[in-house]
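Engineer: Pasting a structure here, questions to come.
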Amino acid sequence: MNFLFMTTLVLYICAAVLPLILLKQQRVHNLCSNILQAAASCSAALLAFSRLNNAGAAVELMNIASPIPYLTLTLKLDKLSAFFLFCLGLLSLAVSIYSIGYMKHYFGRLNTGLFSCFVNVFILSMFFVLTAADLVTFLIAWELMSLVSYALVVFETNEPENSKAGLLYIIMTHLGTALLIIAFMLIYVNTGSLEIANASELSAGIKNILFVLFLLGFGVKAGIIPLHVWLPYAHPVAPSNISALMSGIMIKTAVYGLLRFLLVVLDASASWWGLVILVLGAVAAVLGIAFALIENNYKRLLAYSSIENIGIILLGLGVALYAQAGGHQETAALALIASLFHVFNHTLFKGALFLGAGSLHQALHTKDIEKLGGLMKKMPVTGTFMLLAALSISALPPFNGFVSEWLTIQSLFQFLNVSSTGAKLLGMLAAAALALAGGLAAACFVKFIGISFLGLPRSEEARIAREAPVTMLAGMGMLVLPCLFLGIFPRHIAGLLDGINQELLQVSVFPLIKGSVIFLYYPVQISGTALAPVFALMGGLILYLIIFTVIHLLYPHPADRIYKTWDCGFGGLNSRMQYTATGFSKPLRIVFRGLYRPKRELQYTEGPSPYYPGDPRYIVSTEPVFEKYIYQPLAGLVTRWARRSRLWIQTGSVHIYLIYIFAVLIILLVYNWVLGLH
Amino acid sequence: MNTPLYILIQLAAALLLAPLVNGVIKKVKAFSQKRQGPPLQQMYLDLYKLLQKDTVVSETASWVYHFAPYLNFVTALLAFLFFPVTFFQQTISFGGDIILAVYLLGLGRFFMALGGLDTGSTFGGMGASREMMISALIEPALLVSLLTLGLMSGSTSVESIMSVNLQGSPLSTNPFALLILIALFIILLAETARIPVDDPSTHLELTMVHEAMLLEYSGRHLALMEYAAVIKQLLFITILANFFFPLEPALASPLPALLLGLIVYVLKVLIIAVLVAVTEISTVKLRFFSIPNLAAISFVLSFLGFMQFFIIGR
Amino acid sequence: MESFLELLSISLLIAAFGLTATKRIRSYISVFQLQSLLLAAATMAIGIYNLQAEGVMDILFLAVVIFILKGLVIPRLLRNTYTKVEYTVEKDFFINIPSAIMISAALVILTYFTIHSLNGSLSAQTKFYLVNALSVVLIGLFFMISRKKAIGQIVGFLVLENGLFATALFSANGMPVIVDLGILVDLLTAVMIMGMLVFRINETFDSINVDRLKNLRG
């Protein structure tokens, strides 16, 4: 086991260092580095998988004690870590293969060697975050992850949009880190240990404070609303392989953190925590997808949809915390399975979608949906993969998104049976929010797929687009095909997740998840209801075959006549007459106008006379509600306060500054003296 | 032994009864307008004729367009298999529960909307956009209603809901089921493109929703789409008929009981079909942006139904 | 019997929701009429039950009065007022309908929690009735707030009264007949007077928008 760990570590480090050595040979170092990264990822995934499959206590991977006090580097791998590590390994494997083709269009433009180095450091830092066994290691890895991802976001420095997004990202993420540091210090002061271990002996008050700190601290990274503002800016401007990593796994490290600290360290001791997370999850699910729906930049659309999926994950997490606090361990275990399953699924399909978005961007050099169209014929494989990924993210059977959504609904259903009255109402509202989010997600991805891949090409670039290279397709395929597989055979992964339950909650719901052992029939069964996607799929296939043959027997030579789309008799249907993405989302934009606050404007250019105006120009814009009503006033407040306060804090006189230092010293001395008195 | 029989009966009911229901609705509407109306078997004839005809396919269309009608039809049929037409039969779970059935319909709808967009026609996009909005808004009400029905029986599987209902109609044991019944009725109208939401007989571009998506389809593709729509309609009618008005024929011998059960089922379905028709006659098509009102009413009714379930808590 | 009453009490609530959902004056008069008829039916049911159990006729008598007054006379009066007033279709509500429905639902939830926090010897059954009936009262009041037209206020007031009556009826088999009769007669007079007022408002302002009354401020 340790062998695998050492292999992983060495390979990642090699993959990071090699491109720096071969900095000039971009083609060579790109290939080598990505192959090494792929090997390292395989090894990481294997390490995680073998840990998940075996019983037993956590395995210590590394323990470096340094002479500096408090600074030790310990890594441990228990099942929870192993699960997230598995996601990381799988995703980075696909991304590395994809990058072989994808990075080509940066050759000569960017320093790809440094970029590859950063990518590997980024993955390695996430590895450390997921396996850190003490608070200091966790913090160092967390900070490293944030900094490197910042560097990757702003890597294309020639665009001003990037540095702006990067700035927002780094401010927000450090806000989160600051809260985490406070929380860690509180833990250390009250327990005297830096180990990440059960600290249930803390008093209830401190636990509640810790909960709030963790929720906000990790919430920033996860992008829960209203702390999400950085996410829709940072994800779209990063190169697509980085977006895939950030959206696929980096924001999940926050989910990991919440699980680790709320469930393991704090032992889920108050039931209101679960309810808070449940409500936040419901809000994030609905608002995230609602914002995604009106977005016409497809990478930003995907970023908003990540917020929605984090919301769904949090729904499961909230139920798990609530049920665990109330002693309903089986419900907690079920909800945890649902939540973790969705983590895994989201890693797969969101990774695939971002990779696909990268292929689109590479082929068309635009991020605007309105300029795509008709790509299903030009890029058939990419299009089909994207369609499949869109089906799974819209939670439609027989894909994996449906299974985790089903499990989430079932855990909410169990929640309705065990919770108190007020919580029941919240639970049902959360279920309704989940349903609304599902419906909106379907609408959103019909828009994305329908407008960008179907119909007529809407721009010259779309007309001449070419299919992406094989490596990129392979990278996407590696993520999309498991979506279908897991959707049909969900039991394997449910079994693995149950191992985590046994370790965390000391309960197993696998006996509840029954099933016969016939090879094809793998139902997931919970309290009298069951889901066997295989069976439904077989039924569907058989029906399809029957219908197909019957129809073709009834009328043996069905000649499809290829003809123009009906153009109302005017002739010359062109792509500008098609429905646009803006038009597609218009009904919902009007229904939720309270949320989006759309502005419509009709401008005319000067014409020959007032009665014959020139070209009309129609502008629709929506307001970023959270930025406008929360962040901008807040930022304004801080700036104003800073402007005013500098007159009496930052006077420019050296003596005043010396007085500050002096005063702090005195206060510390007095504090020490007072402590000594006791 | 029972399973093939079950599947046969379900398929037969779906394929034979669904067009008839449409015929009945049309007939009742015609009657109210003092017209003779199309004969009851009209839809069968239409379908037969459409299957015989050539299909015209837009040159813009990709494989999605060809695949959508089949998928739409198969998902509708598959979803229908989840809801047994009579109680006599042993229900088979068919690898899922109500939620799977609902999401199967969602899969069909997803592809139908994509099919609408695939030809590059403006109408298709318009229909797809509207359809997705209506379905998204109606979804919460649907899930809350179904979960509440599930809560009454302790599980979301069709079988357990049915077996609880056999002990007595939810309307008599749990009067608040009335709220859910009304909510589901509104959902029925919205999901099957009936009048307050969509007018199935119009082809006016400003108002059509479902028809707009099908505008480019012809021949067997159109037949499959139309067929799927009526099967979906029958599915929602079956939910209403069998979840809220269970009538079990008490006969000892299996075959007459089965036959009687089927007859009772057909009668129930026809009564609900007449009700749908009466609603169509007595209301007007809502302005498109009034549909959220309808969705809100349906959601609130189902949510109150859920709340009342706690207050009495049976 | 009990489930029949439960059904009726739910129907009263549904009618109240129907009221918030309707847009046009004519249709909310009809909804009010429907609710009154339902109330009459509930009264009738309890009346028959009382007749069998205790041999008292008065609730039955009340049912007939309600049927005639609220089910027939008052709606007719309202319709007359409405037809006499020159009325142009304009936006009649402050809050859009989906929000109004959601707020009404929130009112029901609030009532539910309030009633359930009562420490009394109320049975679950009674609490159930109380929640429905009190919700009707609150929704009626909310309806009065949310509509601009004077007729809306009258209908809201009447629905509120329906709710009050239902509360008394379901929780304590009704108030003494004399009291109820008095209230009903008051109601009739009130509707007539308000009808006249609507007239006057219309004459003065050319509209029955209550908003316009703001103009009377000095």
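Only the coordinates and a few stated rules stand behind these numbers; no lab work does. All values reported here derive from a predicted model rather than from experimental measurement. Here the Cβ is made from the backbone with ideal geometry for all residues, glycine too, and neighbour counts use every protein chain on show.
Engineer: Put +1 on the Cβ of every Lys and Arg and -1 on every Asp and Glu Cβ in the protein assembly as shown; which of A:180, A:137, C:157 then has its Cα farthest towards the positive end of the dipole?
Structural biologist: C:157
Engineer: Can I ask one more? Would you list the membrane-span-like helices of chain C, meaning whole DSSP H runs whose alpha-carbon atoms span at least 24 Å along their axis and whose mean Kyte-Doolittle value is at least -1.0?
Structural biologist: C:2-21, C:25-54, C:97-117, C:124-146, C:150-172, C:177-205
Engineer: Place a point 7 Å from Cα of residue A:167 in the direction of its Cβ. Which residues in region A:623-645 have their backbone N less than 14 Å from it?
Structural biologist: Correct set: A:635-636, A:639.
Engineer: Once each part is reduced to its C-alpha centroid, what is the distance from region C:6-68 to region A:35-97 in angstrom?
Structural biologist: Their Cα centres are 69 Å away from one another.
Engineer: Within 10 Å of each residue's Cβ, count the other Cβ atoms and sort A:122, B:299 from fewest upward.
Structural biologist: Going from sparsest to densest Cβ surroundings: A:122, B:299.
Engineer: Placing +1 on the Cβ of each Lys and Arg and -1 on the Cβ of each Asp and Glu in region B:1-158, which of B:121, B:30, B:68 has its Cα farthest towards the positive end of the resulting dipole?
Structural biologist: Going by the Cα projections, it comes out as B:30.
Engineer: Please find the FRET efficiency linking residue A:267 to residue C:145, where r is the Cβ-Cβ separation and R0 is fixed at 56 Å, and quote it to the nearest 0.05.
Structural biologist: Efficiency for this residue pair is about 0.70.
Engineer: Also: Sorting C:200, B:220 on the 10 Å Cβ count, fewest up front, what's the list?
Structural biologist: Ordered by Cβ neighbours within 10 Å, fewest first: C:200, B:220.
Engineer: With helices defined as uninterrupted DSSP H runs, which ones in chain A have an alpha carbon span along their own long axis of at least 18 Å and mean Kyte-Doolittle hydropathy of at least 1.6?
Structural biologist: Counting only whole DSSP H runs, the qualifying helices are A:2-21, A:79-102, A:112-131, A:135-153, A:204-222, A:271-293, A:380-393, A:421-453, A:470-488, A:533-554, A:654-677.
Engineer: Dipole size in debye (nearest 20) for the protein assembly as shown around its Cα centre, Lys and Arg Cβ +1, Asp and Glu Cβ -1?
Structural biologist: Numbers: 73 positive and 58 negative charges, 425 e Å.
Around 2040 debye, computed over the protein assembly as shown.
Engineer: Could you name the lysines in cross-link range of residue A:207, using Cα to Cα under 28 Å and dropping any fewer than eight places away on the same chain?
Structural biologist: The reachable lysines, counting only those whose Cα sits under 28 Å from residue A:207, are A:76, A:79, A:221, A:252, A:424.
Engineer: Moving to a separate point now. Across peptide A:444-450, what mean number of C-beta atoms from other chains lies inside 10 Å of a residue's C-beta?
Structural biologist: 6
Engineer: Suppose R0 equals 22 Å. What FRET efficiency, 1/(1 + (r/R0)^6) with r the Cβ-Cβ distance, do residue C:2 and residue B:271 give to the nearest 0.05?
Structural biologist: With a Förster radius of 22 Å, E is 0.25.
Engineer: Which of the DSSP-defined H helices in chain B satisfy a minimum axial length of 18 Å, computed from C-alpha atoms, and a minimum mean Kyte-Doolittle hydropathy of -1.0? Intermediate results must be reported in sequence, preceding the final value.
Structural biologist: Working: long enough: B:18-32 (22 Å, 0.62); B:63-81 (27 Å, 1.31); B:98-118 (30 Å, 1.72); B:122-153 (46 Å, 1.13); B:177-191 (20 Å, 3.03); B:219-244 (38 Å, 1.14); B:254-282 (42 Å, 2.25); B:291-312 (32 Å, 1.93).
For chain B, where a helix must reach 18 Å along its axis and average at least -1.0, the hits are B:18-32, B:63-81, B:98-118, B:122-153, B:177-191, B:219-244, B:254-282, B:291-312.
Engineer: Among all stretches of chain A without exposed trypsin sites (Lys or Arg not before Pro) (DSSP loop, at most 10 other Cβ atoms within 10 Å), which one is longest?
Structural biologist: Counting only loop sites that pass the neighbour cut-off, the longest clear stretch is A:110-465.
Engineer: Please give the length that would be gained between residue A:563 and residue A:597 if that part of the chain were fully extended, namely 0.36 nm times their separation in residues minus their C-alpha to C-alpha distance (nm, one decimal). Don't jump to the answer; show the numbers that get you there.
Structural biologist: Values: separation 34, 0.36 × 34 = 12.24 nm, distance 4.21 nm.
Answer, rounded to one decimal: 8.0 nm.
Engineer: Something else about it: Starting from region A:534-622, pick out the chymotrypsin sites (Phe, Trp or Tyr not before Pro) whose DSSP state is loop and whose Cβ has at most 16 other Cβ atoms within 10 Å.
Structural biologist: A:566, A:570, A:611
Engineer: Straight-line reach from residue A:378: which lysines have Cα under 24 Å away, leaving out those fewer than 8 places along the same chain?
Structural biologist: Partners found: A:104, A:299, A:350, A:367, A:447, A:564.
Engineer: At 0.36 nm per residue, minus the direct Cα-Cα distance, what do residue A:28 and residue A:140 gain on full extension? Give it in nm, one decimal, please.
Structural biologist: Numbers: separation 112, 0.36 × 112 = 40.32 nm, distance 3.22 nm.
Extra length from residue A:28 to residue A:140 when fully extended: 37.1 nm.
Engineer: Next up: With the crude spin-label approximation of a point 7 Å out along Cα→Cβ, what separation in nm comes out for residue A:611 versus residue A:159?
Structural biologist: Each label point is offset 7 Å from its Cα along the Cβ direction, giving 4.8 nm.
Engineer: Compute the separation of the alpha-carbon centres of region B:27-51 and region A:273-341 and state it in Å as a whole number.
Structural biologist: Cα centroid to Cα centroid, the span is 48 Å.
Engineer: For residue A:467 and residue A:201 in one chain, what is 0.36 nm times their gap in residues minus the Cα-Cα distance, to one decimal in nm? Could you put the intermediate results ahead of the total?
Structural biologist: Values: separation 266, 0.36 × 266 = 95.76 nm, distance 5.90 nm.
This chain segment gains 89.9 nm when fully extended.
Engineer: Measure off 7 Å from each Cα along the Cα-to-Cβ vector at residue A:590 and residue C:95, then give the distance between these two points in nanometres to one decimal.
Structural biologist: For the pair residue A:590/residue C:95, the computed spacing is 2.4 nm.
Engineer: Dipole of the protein assembly as shown (Lys/Arg Cβ +1, Asp/Glu Cβ -1, origin at the Cα centre): which of A:469, A:319, A:419 lies farthest to the positive side?
Structural biologist: A:469
Engineer: A further question on this structure: How large is the charge dipole for chain B, taken about the Cα centre, if only the Cβ atoms of Lys, Arg (+1) and Asp, Glu (-1) carry charge, to the nearest 20 debye?
Structural biologist: Dipole magnitude for chain B comes out near 720 debye.
Engineer: Label points 7 Å out from Cα along the Cβ direction at residue C:52 and residue A:618: separation in nm?
Structural biologist: It works out to 6.6 nm between the two label points.
Engineer: Give me A:538, A:103 ranked fewest to most by other Cβ atoms within 10 Å of their Cβ, as a rough exposure proxy.
Structural biologist: Arranged by neighbour count, lowest to highest, A:538, A:103 become A:538, A:103.
Engineer: Then there is this: Measuring from centroid to centroid over Cα atoms, what is the spacing of region A:146-186 and region A:353-401 in Å?
Structural biologist: Result: 29 Å between the Cα centres.
Engineer: Moving to a separate point now. May I ask you to list the GluC sites (Glu not before Pro) in region A:532-640 that are in a DSSP loop and have at most 10 other Cβ atoms within 10 Å of their Cβ?
Structural biologist: On the way: sites: A:601, A:606, A:627; in loops: A:606.
In loop regions of region A:532-640 (DSSP not H, G, I, E or B), the sparsely surrounded GluC sites (Glu not before Pro) are A:606.
Engineer: Not counting the cut sites, what is the longest span of chain C without GluC sites (Glu not before Pro) that DSSP labels loop and that have at most 13 other Cβ atoms within 10 Å?
Structural biologist: Details: sites that count: C:86, C:90.
It works out to C:91-218.
Engineer: Rounded to the nearest 20 debye, what is the charge dipole size of region A:541-649 about its Cα centre when +1 sits on each Lys and Arg Cβ and -1 on each Asp and Glu Cβ?
Structural biologist: 800
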